[in-house]
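Okay, structure first, notes after.
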Amino acid sequence: MQPITTQSWAAEATLAETPGKLEVDDDWVRGTLRLTASGVSFVPLEGGQQRQIPIGTLLRVVTHDRRRRWKKARPCVELWAANGTKATFDCRDDRRRRAFASAAEKAVADHATGFKPSDAGIGGLARRRRRRRRRHEGLAEDTRADLKALAARAGEVVSVLKRYGDASAASAFCVADAEAATVDTSDARQLAASAARVAERLLERRPTCSLADLWCAYNRARGVALVSPDDLADACARYLAVDAPRRLADAPVAMRTLRSGVRIIYNAGDDVPGRVAAAVPAAGASAPAVARALRGPAALGLEHCLDAEAAGRLCRDAGPAGLAFFPNRFLA
Amino acid sequence: MAELAAAEEDAWSDEDWQAFPPLYTLQPHAATREAQLNVWIDLLWRWCKAQNSWTVDVASCDVFVNETINRRLDENGRREVAKAACRAGRGELLENGALFVLEQQPKDLARQLYEWAKATGRLGGVFTLAELDDDGPLAGADARLRTAALDALEAADRCAVFTGATSAEAGVKFFREE
């Protein structure tokens, strides 16, 4: 047995107990062998070193009768530990020896399967509930501490955002609009009016934008309550399109459909083909160059050029390097 | 006056047009295409005048090519130019596919011929074509144009054309005015 003392073992419930003599260095010490849930411990009668075998290292409990020629046979318990040591314990009588051995074997088997007596019974249930509550309280405490730390940093984050927001105030994408956030998306008329206001801000930077750009900017302005693309497209088609019968009279923007089906938003009364033609230099330009000059998306460059060509403002040149567009001198 | 002067400066010369790359691409827009084909007809007319050869094979004519800007009008475009010239009455498609460009309208040439005949006192007389070739508005004109002009004058009832054994003996009689 290892001479390690653990105070907590003394507080545990005793599963079995037998008095007797422990063989220590060719000498016998009287004491009591005690089985608890943590293992087997030996308490000497006259005090002195207590010994323990943890239940995990206990391999076997063997009972046999120790015979000496000139003495009578004594009932004996052998405890085999995992590191190869054996402890021999003479029990006082056979009944207690049998009880101890069976209890020890049961304890070893329970340890192998993971069963603990403290988990059994009503007391075990209460103990488990208390343990769970303690764990959850610990978790809540940690979360509260984390949130407090986050709130302390959030102030810094908001001040940084404000600084960048002021720097690019002209960009409609950074502005969260309280008015846009409260518009009811089921009312198409209100939705179209609100989207028109956002579009007006967006069109300060460039002459035209696509319906997808307006949808992105509008949702950014709305914040959390997003509007679906179908709703916005439907509202714009009903109330903002150039040829809509119920077009909003004072809408600052209008919507047109180009030849390929792309829908663009532009300032009402603005001449978009004229602007596109003005963006093309006299020496001609390719469609992506026109898109760059218009500060619009590259995919819309060709659409705008074709639109201006259909309006007679541009003419095309199918050269070996690709398609280019020139100001239309034929109709000038 | 200032506007006129500005318009003169703004109007492009032949070289300006021939250096304009979109001229060599048949435009899809209807109005632009019409203007483009008119430009081509004018270019073609001035080319024929410079070469003094009024029959043009559109497939191989050099007026449709500009090596400097590496552009050429494709087959379809050349056919369109020929068709537009015929529609505008400034050219005729011949049987072998070539285009005969009219230097001027046959009616105009016919009128000039009659005026000249009146001015030189040839009304009521009969002249061979060879005599008419020496002098007058028919001199230097292409044979087909001459024939077309005489046909137009005949249709206007101002002359009568007699075909002789050879073309040199063909004659024209100018009618007097009534």
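Residue pairs whose Cβ atoms lie under 6 Å apart, separated by 6 or more positions or on different chains, with the first residue in the stretch B:141-165 and surrounded by fewer than 15 Cβ atoms within 10 Å (Cβ to Cβ) and the second in a helix (DSSP H, G or I) and modelled with pLDDT of 85 or more, are B:V161/B:L150; B:V161/B:E154.
Quick one: which residue in A:A126, A:A109, A:A82 is exposed (fewer than 15 other Cβ atoms within 10 Å of the Cβ), in the same structural domain as A:L58 (by TED's automatic domain parsing) and within 43 Å of the chain's Cα centre (by Cα)? Criteria check complete, one pass: A:A109. The sole residue among A:G269, A:G296, A:G261 that is within 19 Å of A:R201 (Cβ to Cβ) and under 41 Å from the mean Cα position of the chain (by Cα) is A:G296. Scanning the stretch B:74-84 for residues that are of a type in the set (G, A, S) and either under 17 Å from B:D62 (Cβ atoms) or not assigned by TED's automatic domain parsing to the domain that holds B:W54 (or both) yields a count of 2. Is it the case that the stretch A:272-279 has a residue that's out of contact with any Gly (no Cβ under 6 Å at 6 or more places or on another chain) and within 14 Å of another protein chain (Cβ to nearest Cβ)? Yes, the stretch A:272-279 contains a residue that is out of contact with any Gly (no Cβ under 6 Å at 6 or more places or on another chain) and within 14 Å of another protein chain (Cβ to nearest Cβ).
Could you please let me know if A:P288 is in contact with a strand residue (DSSP E or B) (Cβ under 8 Å, 6 or more places away or on another chain) and surrounded by fewer than 19 Cβ atoms within 10 Å (Cβ to Cβ)? So A:P288 fails the test. Inside the stretch A:233-255, residues that are over 20 Å from A:S186 (Cβ atoms) and acidic (D, E) make up a count of 2. Within the stretch A:92-106, the set of residues being among the charged types (D, E, K, R) and either buried (at least 17 other Cβ atoms within 10 Å of the Cβ) or not assigned by TED's automatic domain parsing to the domain that holds A:R30 (or both) comprises A:R96, A:R97.
If you check B:A88 against the conditions, is it under 30 Å from B:R33 (Cβ atoms) and assigned by TED's automatic domain parsing to the domain that holds B:Q51? For B:A88, the condition - under 30 Å from B:R33 (Cβ atoms) and assigned by TED's automatic domain parsing to the domain that holds B:Q51 - is met. Number of residues in the stretch A:1-14 that are at pLDDT 75 or above and part of a strand (DSSP E or B): the value is 1.
Of all positions in the stretch A:67-88, none carries a residue that is farther than 22 Å from A:K116 by Cα, touching a Pro at 6+ places or on another chain (Cβ under 8 Å) and not hydroxyl-bearing (S, T, Y). Within the stretch B:47-70, restricting attention to residues that are in a helix (DSSP H, G or I) and surrounded by 12 or more Cβ atoms within 10 Å (Cβ to Cβ), the residue that is nearest to the other protein chains (Cβ to nearest Cβ) is B:F64. The residue of the stretch B:15-35 that is farthest from A:A310 (Cα to Cα), among those that are facing another protein chain (nearest Cβ under 7 Å), of a type in the set (A, V, I, L, M, F, W, C) and part of a helix (DSSP H, G or I), is B:A35. If the condition is being in contact (Cβ under 8 Å) with a residue 24 or more places away in the chain and aromatic (F, W, Y), then the stretch B:116-140 contributes only B:F127.
For the stretch A:199-218, the condition of being surrounded by fewer than 16 Cβ atoms within 10 Å (Cβ to Cβ) and hydroxyl-bearing (S, T, Y) holds for none of the residues.
Residue count for the stretch A:39-76 satisfying the condition of being touching a helix residue (DSSP H, G or I) at 6+ places or on another chain (Cβ under 7 Å), at pLDDT 85 or above and within 17 Å of A:D25 (Cα to Cα): 0. Residues in the stretch A:77-111 that are in contact with a helix residue (DSSP H, G or I) (Cβ under 7 Å, 6 or more places away or on another chain) and touching a residue at least 40 places away in the same chain (Cβ under 8 Å): A:V77, A:A81, A:C91, A:A107, A:V108, A:H111. Of the residues making up the stretch A:280-290, one or more are under 26 Å from A:V198 (Cα atoms) and either away from every other protein chain (no Cβ under 11 Å) or not acidic (D, E) (or both). Among the residues of the stretch B:129-150, the ones that are farther than 14 Å from B:A117 by Cβ and either in the same structural domain as B:W54 (by TED's automatic domain parsing) or small (G, A, S) (or both) come to 5 in all. The one condition from (1) more than 7 Å from chain B (Cβ to nearest Cβ); (2) more than 19 Å from A:E204 (Cα to Cα) that A:G319 does not meet is (1).
The values are calculated or read from the model by the stated rules, or taken from the named source; none is laboratory data. Not measured: the values here are computed from a predicted model. Neighbour counts run over all protein chains shown; Cβ positions are idealised from the backbone, glycine included.
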